[in-house]
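Since the structure comes first, as C-alpha cells, the remarks are kept for the end.
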Amino acid sequence: MKEATVLDALLSSLAKAAAYNAAVNVAPAAVLWPDQAGQWKPLIPVLRTVLPHLLTLGDYDQRTRTGPATWLKCMLARMLPEASWGDEVVPILYLPGVSRLDLRAIESCPKPLQPLAELQYRGVLWTQQNGRDWTILAFLKTRNGTGLGLDPAQDARTQEAIARALVQLADTAVSSLEGRRLEATDFDRLLTTDPVRDILRWLGDPAGTRNQWGPQVWGAFCSLCRSSYGFDPQTEGELAGAEKLGHQQDKWAAVWTRFAESPRLYPNVPALLRKAEQPRQPRLFPDGSAWPAVNDKDEASLRSSLTRLQSSAAHEAVPRLKNLEEQHAVRRRWVWAELGMSPLAQAMEHLATLADVASHALGGASAHDMGAVYCAAAWRADAAVWRALACVERKADVAAVTAAVRAVYLPWVEAATERLQDIVAKSGFPASGEDARRPVTPSKGECILFADGLRFDVGQALREELESRAMQVTVATRWQGLPSVTATCKPAVSPIANLIAGSSDDGNFLPSVAKTGEALSTHRFRKLLEDAGVEVLSKEATGNPKGSAWCEHGDLDRAGHDEGIRLARRIGEQIRVLRERIIELLDAGWRQVRVLTDHGWLLMPGGLPKVELPAYLAETRWGRCAILKHSAEATSLVVPWRWSADIRVAIPHGIGAYRQSTEYAHGGLSLQECFTPELVVSRPAGLAAEVAIAGVTWVGLRCRVEVTGAASGMTADLRTKPMIASSSLAQGGKPLGEAGKASLAVEDDSTLGMVAVLVVAAADGTVVCKATTTVGGES
C-alpha cells in the first residue's frame, strides 16, 4: 500500500470540509477556499486534474474552469454544461487574492466579489480551526488532525523554499517529513535530488516543466538522463521517453514503479503512452500492463463478453463468468485500475463471487433450513450484485453488468424465493405466534439503533466495518412479519410491540395503538417508547447511557426507493454512516448498541418480473404486496397481515412485482426481504474509547476545548510544562463537561503568543493526551 502524500492529506482535508450528514443537513453549496496571498496557486493545476469540481475565481478561461463571480454562481447553480460533476459532489471554489474577511465584511466587500458573499452562509469555508485562512506553513505545522503536524522552521528562507517546492512537496510522503525539524535545505532538495520524479513531471508537461525549471535545471536534467537513463530529452523528445517508460527496461523500471505508485500526480502520462509506439507484442515486453490501449482493448472485450450473457442460460453463464475472471483478474493490479480505467475488471471480482454462490441452489426442507443456508454463505450472492454495480457508471458498462446479473442472479433468487413461498404456503410463515409478538426489551446501558432496510448482506458488511475498528459484534437473525414494509415491521421489532394492534383501514399497513385504537403515527410511537421508559434520541443526541434508548439512523431504504440500482453506489457510504453513529454511542458510554431493522429488499437491474393483479381485486397495491378485497378470490400466495389475520395480503409469485420496471422493492416474501440481521455491538473488555483533543478554539485569551472519549473526572489545562501541574496558565484547569468540553481562561495577557501545551488529565492527574497550542491562537 502506498504511503499517504501531502497531496493526499490536502485532498482529504478538502473532502472533510465538504462532508455532511445527509440525514440531517442539506449539502453545502460549495467549499470556499480563500487564499489572499495566492500561496496555493502553483498546486491548482495539479488539483484540477483530480478534482473536476474545482472552480477558480479569475478571468474567464473555460479550459481551467476559471471565471468571474457571476460565472461561478452559474456553475454552482448547474446552469452551464461545464458543471458536469455528480449530483452528490460539493464543488470547491478557490479564491486567490481573497481572504475570509473580504467575504465576512459584506458592506465593504469589493463589488466584483459581492455575488459570492452569500455563499459563506450556504457553503462552508476551508479554514483553520481558528477561522484564519490556510497558509501552506499553517497546513504543514497544525496538529489536532486538521493539518499535518510537521515541524517546519518558520524563517523567511524556509517559507520561500516551501513555496518553490510546493508541487514537489505535494508528491512527498508525509512519513518522510515527520520526526525532524524541516529547514529550507530539506525543501530545496525536493527540486534537485529525485530524477525519477523529474522525468515523470517532464513527460507529463514537457514545455511547461522546462519553462518552470529554467535553463540551469533543464541542462542538469538532460545530462542526468543521458548518463543514467540512456536517453536525451533534448534530441529525442517526450514520445521516446514514453516508449522507454512503457518498456520498463533497466533504470526505467524504477520510473514506472514511481508512476504506478502515484499515477494521479502525472495525469497526462497515460495519454502520452497512448501516443508512444508500442511493441508489436506488448504482453511479452515485459507485459501489457504499461500500455493503456491494451487495457482499453481488454475492457472492450470484457464488455462484449458480459453483454452477450443476456441471451445465456444460467448453467452457461456461470462457467463463462469464472473463465472471464481468470482472464481479467490480473488487470486489477494494473495502474489503470487505480485510475478508474478498468471498472469491468473491478466488477468481475464480484461477478465471479456471484457465479460461485449461484452455482449452488438455495433450498431446504423448511424455512429455518433455508435461513441457515442463506446465513452461512448464500447471502454473498446478494452482496456481490450491489458490489459489482457499484464499480460501474457508464451506461454501456452498467448494461454489461446487468446482463451478467440477470443471467445468473435472477434465476437463482427466483428459484429460492419460489421454494420459500411453497414452504410457507404449506407450513406457515416462521414469524408468527406468540414469539413473534414478544417485544425487544433493551437492558440498562443498551441503546437500540433502528436502521431502515438493513438487509442481511449489508449487515454483514457493517459487521466487518465495526470489527475493523476493534468493536465486538455478534450477529443473530430475525424473520420479519408480512408484508415486509416499514409500517408493519418497524413496530414489531420495537420495545412496545405488545402495545400495538391491527387496523390499516386506509390500506397503508399501519397498525394502531392497542389501548386507544388510534393510528400509530410517529408521534404516538415515540410517546409509547417514552412511557415505557425508553429514551428516544434525536439524530445526533447520545442520551443517558445509564438507562435504555431508541434511535434511528441511516437512509438505505429511502435511497433505494429514490435511486433504484444506483443505491449500489450509496451502500458503502451508508455503512460508514451507521458505523460512525454506533461508535459515537459507545464512546458516549453506552454498554452496547443493538442494531435492528424492519426488512430487507430485492435489487434487480433491469427490473423485477412484472406480475399482473387486476385492480378490481385489490384495496391497495404496492410493488411487492397488496391488500385483497374481502370478496376477491386469491390468484397468488395470500398471507395474513402481521397485525390482523382479518386482512389478507397478496404476495406476487417468486420475485415478481405488481409494478412495471421496479428495480428496488420490498414487501413480499423472500429471504432477501424477510430474513434480517440483528447486531449487538460493544467494546471488548479492557478496550476503552480513545481520548483525543478534537478541537481547540481561541477567542482572545479564552481557549475552548473539545475532547472525544473523555471519562468522568477528566480535566483540561493549559501548561508551559505538560507534566508539571504548577505550570498551569489557566488556574489549574477545569473539569470536562458531559460533552467533553471545557473553557479555559488565561488571565495574564503577557502570555499572548506564547507556545503552551493543552493537556487532558485523568482523575488521578495522569496526562492522557496533549497538544501544542499558541495562546491567543496560531497565525
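The values are calculated or read from the model by the stated rules, or taken from the named source; none is laboratory data. Note that this is a predicted model, so its numbers are computed, not measured. Please note: Cβ atoms are built from the backbone with ideal geometry, for glycine as well, and neighbour counts cover all protein chains shown. Remember, those area values only see protein heavy atoms, side chains included, never the ligands or the DNA or RNA. Shrake-Rupley method; radii C 1.70, N 1.55, O 1.52, S 1.80 Å.
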- Message: Here is a list: 385, 405. Which entry is in contact with a His (Cβ under 8 Å, 6 or more places away or on another chain), touching a residue at least 60 places away in the same chain (Cβ under 8 Å) and crowded, with 22+ Cβ neighbours inside 10 Å?
- Response: 385
- Among residues of the range 1-55 being small (Gly, Ala, Ser) and outside any loop (DSSP other than H, G, I, E, B), the residue nearest to residue 168 (Cα to Cα) is 9
- Verdict on residue 274 being within 19 Å of residue 2 (Cα to Cα), open to solvent by 60 Å² or more (accessible area, probe 1.4 Å) and in contact with a helix residue (DSSP H, G or I) (Cβ under 6 Å, 6 or more places away or on another chain): no
- Message: on the phi < 0 side of the Ramachandran plot and more than 31 Å from the chain's Cα centre (by Cα): is that true of residue 509 in this structure?
- Response: no
- Query: In the range 127-144, what residues are in a loop (DSSP other than H, G, I, E, B) and in contact with a Lys or Arg (Cβ under 9 Å, 6 or more places away or on another chain)?
  - Reply: 131, 132
- Filter result for the condition that a residue is touching a strand residue (DSSP E or B) at 6+ places or on another chain (Cβ under 6 Å) and either open to solvent by less than 40 Å² (accessible area, probe 1.4 Å) or hydrophobic (A, V, I, L, M, F, W, C) (or both), over 182, 177, 166: 182
- Quick check, is residue 145 surrounded by fewer than 19 Cβ atoms within 10 Å (Cβ to Cβ) and modelled with pLDDT under 90? yes
- Query: Within the range 708-719, is there a residue that is hydroxyl-bearing (Ser, Thr, Tyr) and modelled with pLDDT of 90 or more?
  - Reply: yes
- Message: Give me the residue from the range 576-621 that is among the small types (Gly, Ala, Ser) and at pLDDT 95 or above and, out of that set, nearest to residue 536 (Cα to Cα).
- Response: 600
- Query: Of the residues 420, 454, 449, 462, which single one is buried (at least 23 other Cβ atoms within 10 Å of the Cβ), in contact with a Gly (Cβ under 8 Å, 6 or more places away or on another chain) and hydrophobic (A, V, I, L, M, F, W, C)?
  - Reply: 454
- Meets criteria (touching a residue at least 60 places away in the same chain (Cβ under 8 Å), open to solvent by 10 Å² or more (accessible area, probe 1.4 Å), closer than 29 Å to residue 577 by Cα and touching a Phe, Trp or Tyr at 6+ places or on another chain (Cβ under 8 Å)) for residue 17: yes
- Taking the range 570-597 on its own, how many of its residues are touching a Gly at 6+ places or on another chain (Cβ under 9 Å) and open to solvent by 50 Å² or more (accessible area, probe 1.4 Å)? 3
- Message: I'm told residue 763 meets every condition in (1) of a type outside the set (Val, Ile, Thr); (2) under 28 Å from residue 127 (Cα atoms); (3) assigned to a loop (DSSP other than H, G, I, E, B); (4) open to solvent by 30 Å² or more (accessible area, probe 1.4 Å) except one. Can you identify the failing condition by its number?
- Response: (2)
- Could we say that residue 669 is assigned to a strand (DSSP E or B), open to solvent by less than 50 Å² (accessible area, probe 1.4 Å) and at pLDDT 90 or above here? no
- Query: Considering 329, 313, which residue is out of contact with any Phe, Trp or Tyr (no Cβ under 6 Å at 6 or more places or on another chain), within 18 Å of residue 384 (Cβ to Cβ) and of a type in the set (Gly, Ala, Ser)?
  - Reply: 329
- Query: If residue 250 passes every condition in (1) closer than 30 Å to residue 52 by Cα; (2) loosely packed, with under 14 Cβ neighbours inside 10 Å but one, which one does it miss?
  - Reply: (1)
- The lone condition residue 565 fails out of (1) more than 30 Å from residue 603 (Cβ to Cβ); (2) among the aliphatic types (A, V, I, L, M); (3) open to solvent by less than 60 Å² (accessible area, probe 1.4 Å) is (1)
- Note on the structure: Matching residues in the range 697-706 (open to solvent by less than 30 Å² (accessible area, probe 1.4 Å) and free of Cβ contacts under 8 Å to residues at least 60 places away in the same chain) number 1
- Hits in the range 20-43 - residues which are polar (S, T, N, Q) and either under 17 Å from the mean Cα position of the chain (by Cα) or within 12 Å of residue 163 (Cβ to Cβ) (or both): 21, 25, 39
- Item | Scan of the range 524-549 for residues that are among the small types (Gly, Ala, Ser), closer than 12 Å to residue 494 by Cα and in a loop (DSSP other than H, G, I, E, B), ordered by number | 532
- State whether the residues of the range 231-238 include one that is open to solvent by 20 Å² or more (accessible area, probe 1.4 Å), charged (D, E, K, R), in contact (Cβ under 8 Å) with a residue 24 or more places away in the chain and more than 30 Å from residue 139 (Cβ to Cβ). yes
- Which pairs have Cβ atoms under 7 Å, sit 6 or more apart or on different chains, and link a residue in the range 437-448 that is within 28 Å of residue 482 (Cβ to Cβ) to one that is in a loop (DSSP other than H, G, I, E, B) and of a type in the set (Ser, Thr, Tyr)? 439/494; 440/494
- Quick one: how many residues across the range 253-265 are surrounded by 15 or more Cβ atoms within 10 Å (Cβ to Cβ) and either closer than 20 Å to residue 231 by Cα or among the aliphatic types (A, V, I, L, M) (or both)? 6
- Is the range 577-597 home to any residue that is over 21 Å from residue 451 (Cβ atoms), part of a loop (DSSP other than H, G, I, E, B) and among the β-branched types (Val, Ile, Thr)? no
- Residues within the range 493-505 that are open to solvent by 50 Å² or more (accessible area, probe 1.4 Å) and in contact with a strand residue (DSSP E or B) (Cβ under 8 Å, 6 or more places away or on another chain), tallied: 1
- Any idea which of 694, 645, 739, 716 is loosely packed, with under 14 Cβ neighbours inside 10 Å, in a strand (DSSP E or B) and of a type in the set (Gly, Ala, Ser)? 645
- Note on the structure: Among residues of the range 506-557 being closer than 20 Å to residue 481 by Cα and open to solvent by 60 Å² or more (accessible area, probe 1.4 Å), the residue modelled with the highest pLDDT is 522
- Note on the structure: Among residues of the range 155-175 being closer than 19 Å to residue 266 by Cβ and polar (S, T, N, Q), the residue nearest to the chain's Cα centre (by Cα) is 172
- Query: Are any residues in the range 68-108 hydrophobic (A, V, I, L, M, F, W, C), open to solvent by 50 Å² or more (accessible area, probe 1.4 Å) and either closer than 21 Å to residue 133 by Cα or not in a loop (DSSP other than H, G, I, E, B) (or both), and if so, which ones?
  - Reply: 101, 106
